[in-house]
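S.K.: Structure below; questions to follow.
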């Protein structure tokens, strides 16, 4: 087991190093883009561009630049071009907002999906089952920002049940915090519920036919006990892997657009603004940050999987 | 996607049921139906999928007719500004863009059917042209993904060795970025100055970006299947006959993974259109003055309180398109390979 974890850690670290090279490469190696010119602005003279080029070290060889950029990021000294803000401290400062957006949304979608998926597995072919099939395929066809905009219009502007934008810190008023975040949570969660409950249902229907379920029935457990202790537990495993990756992806996709629509001051909004201004450092840090979470979560879910299922350790 | 309904579960078995009795022994020809015709027959009976196929075709035709609408009904181009002009609504002349800069809402007439944007451009014309852009980018991206993904999967899976050693980590690397963030990074980097002779606002930039970002989503499953197929007897037989690796890959293995490729095609198309919308919404996709459904949704967002149709009409077009592609794709999967585990993240 230690060997497996060690192997997985080494490959994760290599992958992280590679992602940082890719992110750096995207912005520094792609031709016809001169960062000094971008900072200097449209009407800058050649000398200004040269000065900026020297100040930020754009005239150095590429690997030196890579080293410098990584040093700036990891010592927390990198600043954005737009407002000269420290990118890393912006991320640290804004991360709680993003967490209070994605974590409850993820919990919501997981819980509802497990409940609905279990019911539809036990009543396969029923009304809920068919409804979820429609919900799943509709959910994967709607972009999060469109659902967010629709919810904002319907429930905040038209019906005025919820506040339209803004963020209240959890520490200052938990009730207001939740009240302001309900629509953003729904925007993220609703679309995934259908798909996840369908996956769970499919797994559960596969597990039901296995021998250990028959054994559990034969030894006299009630249907409910068989389902919760044997079927559900075994059909959750594939969902956990799926969830690990999707959760990490939230930070780099859904969070960006949801925070933009609802004007939440998280890292997603910061990145989205940087994209609008073609401001490279926040996008760079954001890409590395989210890639870090994807690599971390996929490594973690592999390890958890291997802990639960010894067969995986050998084939790795 | 795992949306198989219980009644379709045994569908794959239909192919096999002809086997047990030797029909030649009874002295009559077996009804010669190949798996493809069987799948086609199943798809033809799937009325939901057919309905959505028709809907998709309708949307495509509507978007292709954009110039007709622009020339004969609206009499204005998709990128024609008209800030100072007026339009008659119920017999009254109204400013297209008010003095404070607020564009007019839907007039439900031939001019400015869906209203204008802040530059006084006709949104209905832009909706159709934007649809062309979205579909074009989705189509080009899908073509790139299908070709590259299949090629990468075949090469890595069949040749293994050095090729696999290079291609697999590359796919793993692209895979470790959320697609939106990688697309956004590439999109902003290229939008700044274009690349070589291609300008920063070219439509091919987002198309190629989406094409690259989604390659692993096809390449990885194809590679897995090729790895399994290459150990089978028919591949050994081909090798013994003296076939070279390229011929084995393309004439022996490719036909065997073709159903997987076809199952993936609609799913990839749907997700390419969606990703284009994400990128354009964030400003890293289609660049001004061109429109796409993503940029139109984003442009309408500031007016969501007063004129929600600005965002919601292009949004509805986008969702109907993606939904119809997904439903057709689901039908294709049920017809070809109901047990396929197919998933693409956005």
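S.K.: When the stretch A:188-210 is examined, which residues are found to be assigned to a helix (DSSP H, G or I) and more than 13 Å from every other protein chain (Cβ to nearest Cβ)? Show your work before the answer.
M.R.: Narrowing the stretch A:188-210 to residues assigned to a helix (DSSP H, G or I): A:188-208.
Scanning the stretch A:188-210 gives A:189, A:190, A:193, A:207.
The rows are residues; the columns are (1) free of Cβ contacts under 8 Å to residues at least 40 places away in the same chain; (2) in a helix (DSSP H, G or I); (3) closer than 30 Å to residue B:282 by Cβ.
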residue: A:110; (1), (2), (3): no, yes, yes
residue: A:116; (1), (2), (3): no, yes, no
residue: A:120; (1), (2), (3): no, yes, no
residue: A:124; (1), (2), (3): no, no, no
residue: A:136; (1), (2), (3): no, yes, yes
residue: A:151; (1), (2), (3): yes, yes, yes
residue: A:154; (1), (2), (3): yes, yes, yes
residue: A:157; (1), (2), (3): yes, yes, yes
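S.K.: Is the stretch B:164-179 home to any residue that is in contact with a strand residue (DSSP E or B) (Cβ under 7 Å, 6 or more places away or on another chain) and surrounded by 14 or more Cβ atoms within 10 Å (Cβ to Cβ)?
M.R.: Keep residues of the stretch B:164-179 that are in contact with a strand residue (DSSP E or B) (Cβ under 7 Å, 6 or more places away or on another chain), which gives none.
Checking the stretch B:164-179: not a single residue is in contact with a strand residue (DSSP E or B) (Cβ under 7 Å, 6 or more places away or on another chain) and surrounded by 14 or more Cβ atoms within 10 Å (Cβ to Cβ).
S.K.: Confirm whether residue B:264 is farther than 18 Å from residue B:211 by Cα, in contact (Cβ under 8 Å) with a residue 40 or more places away in the chain and either facing chain A (nearest Cβ under 9 Å) or surrounded by 23 or more Cβ atoms within 10 Å (Cβ to Cβ) (or both). Give the derivation first.
M.R.: Details: farther than 18 Å from residue B:211 by Cα: no; in contact (Cβ under 8 Å) with a residue 40 or more places away in the chain: yes; either facing chain A (nearest Cβ under 9 Å) or surrounded by 23 or more Cβ atoms within 10 Å (Cβ to Cβ) (or both): yes.
Here the answer is no, as residue B:264 does not meet what is asked.
S.K.: Next question, about the same structure. Going through A:278, A:256, A:264, A:300 one at a time, which residue ends up being at the interface with chain B (Cβ under 9 Å from one of its Cβ atoms), in contact with a helix residue (DSSP H, G or I) (Cβ under 7 Å, 6 or more places away or on another chain) and closer than 21 Å to residue A:104 by Cβ? First the steps, then the outcome.
M.R.: Working: A:278 fails: closer than 21 Å to residue A:104 by Cβ; A:264 fails: at the interface with chain B (Cβ under 9 Å from one of its Cβ atoms); A:300 fails: at the interface with chain B (Cβ under 9 Å from one of its Cβ atoms).
Being at the interface with chain B (Cβ under 9 Å from one of its Cβ atoms), in contact with a helix residue (DSSP H, G or I) (Cβ under 7 Å, 6 or more places away or on another chain) and closer than 21 Å to residue A:104 by Cβ holds for just one of A:278, A:256, A:264, A:300, which is A:256.
S.K.: Sticking with this structure for a sec: Return the residue satisfying two criteria in turn: it lies in the stretch B:288-333 and is facing another protein chain (nearest Cβ under 8 Å) and assigned to a loop (DSSP other than H, G, I, E, B), and of such residues it is farthest from residue B:39 (Cα to Cα).
M.R.: B:305
S.K.: Taking the stretch A:42-66 only, how many residues are surrounded by 14 or more Cβ atoms within 10 Å (Cβ to Cβ) and either in contact (Cβ under 8 Å) with a residue 60 or more places away in the chain or assigned to a helix (DSSP H, G or I) (or both)?
M.R.: Final tally of qualifying residues: 8.
S.K.: Related question: Just a yes or no: is a residue in the stretch B:303-310 in contact (Cβ under 8 Å) with a residue 40 or more places away in the chain and either on the phi > 0 side of the Ramachandran plot or buried (at least 23 other Cβ atoms within 10 Å of the Cβ) (or both)?
M.R.: Of all residues in the stretch B:303-310, those in contact (Cβ under 8 Å) with a residue 40 or more places away in the chain come to B:303, B:306-307, B:309-310.
Narrowing further to those that are either on the phi > 0 side of the Ramachandran plot or buried (at least 23 other Cβ atoms within 10 Å of the Cβ) (or both): B:310.
The answer is yes, given that some residue of the stretch B:303-310 is in contact (Cβ under 8 Å) with a residue 40 or more places away in the chain and either on the phi > 0 side of the Ramachandran plot or buried (at least 23 other Cβ atoms within 10 Å of the Cβ) (or both).
S.K.: Of (1) more than 13 Å from residue A:142 (Cβ to Cβ); (2) facing chain A (nearest Cβ under 7 Å), residue B:278 satisfies all except one. Which?
M.R.: (1)
S.K.: Take residue A:146 and decide whether it is assigned to a helix (DSSP H, G or I) and free of Cβ contacts under 8 Å to residues at least 24 places away in the same chain.
M.R.: Working: assigned to a helix (DSSP H, G or I): yes; free of Cβ contacts under 8 Å to residues at least 24 places away in the same chain: yes.
So residue A:146 fits the description; yes.
S.K.: What single numbered condition from (1) over 21 Å from residue A:251 (Cα atoms); (2) more than 11 Å from chain A (Cβ to nearest Cβ); (3) in contact (Cβ under 8 Å) with a residue 60 or more places away in the chain fails to hold for residue B:166?
M.R.: It is condition (3) that residue B:166 fails.
S.K.: In the stretch A:298-313, which residue that is modelled with pLDDT under 70 and under 26 Å from residue B:174 (Cα atoms) is surrounded by the fewest Cβ atoms within 10 Å (Cβ to Cβ)?
M.R.: A:312
S.K.: Only one of (1) under 30 Å from residue B:133 (Cα atoms); (2) in contact with a helix residue (DSSP H, G or I) (Cβ under 6 Å, 6 or more places away or on another chain); (3) at pLDDT 90 or above is not met by residue B:283, so which one is it?
M.R.: All conditions pass for residue B:283, except number (3).
S.K.: In the stretch A:265-287, which residues are farther than 25 Å from residue B:190 by Cβ and surrounded by 23 or more Cβ atoms within 10 Å (Cβ to Cβ)? Can you show your working first?
M.R.: In the first step, residues of the stretch A:265-287 are kept if they are farther than 25 Å from residue B:190 by Cβ; the result is A:265-266.
Scanning the stretch A:265-287 gives a single hit, A:266.
S.K.: Also, quick follow-up: Mind listing just one residue for me: the one in the stretch A:154-185 that is surrounded by 20 or more Cβ atoms within 10 Å (Cβ to Cβ) and under 30 Å from residue B:330 (Cβ atoms) and, of those, farthest from the other protein chains (Cβ to nearest Cβ)?
M.R.: A:185
S.K.: Find the residue count for the stretch B:53-105, including only residues that are more than 29 Å from the chain's Cα centre (by Cα), without any contact (Cβ under 8 Å) to a residue 24 or more places away in the chain and exposed (fewer than 11 other Cβ atoms within 10 Å of the Cβ).
M.R.: Count: 9.
S.K.: Quickly run through the stretch B:223-234 and pick out the residues that are touching a residue at least 24 places away in the same chain (Cβ under 8 Å) and surrounded by fewer than 24 Cβ atoms within 10 Å (Cβ to Cβ).
M.R.: Taking the stretch B:223-234 and keeping what is touching a residue at least 24 places away in the same chain (Cβ under 8 Å), we get B:223-227, B:229-230.
Within the stretch B:223-234, B:224, B:225, B:227, B:229, B:230 meet the criteria.
The values are calculated or read from the model by the stated rules, or taken from the named source; none is laboratory data. Please read these numbers as outputs of a predicted model, since none were measured by experiment. Note that each Cβ is placed from the backbone with ideal geometry, even for glycine, and that neighbours are counted across all protein chains shown.
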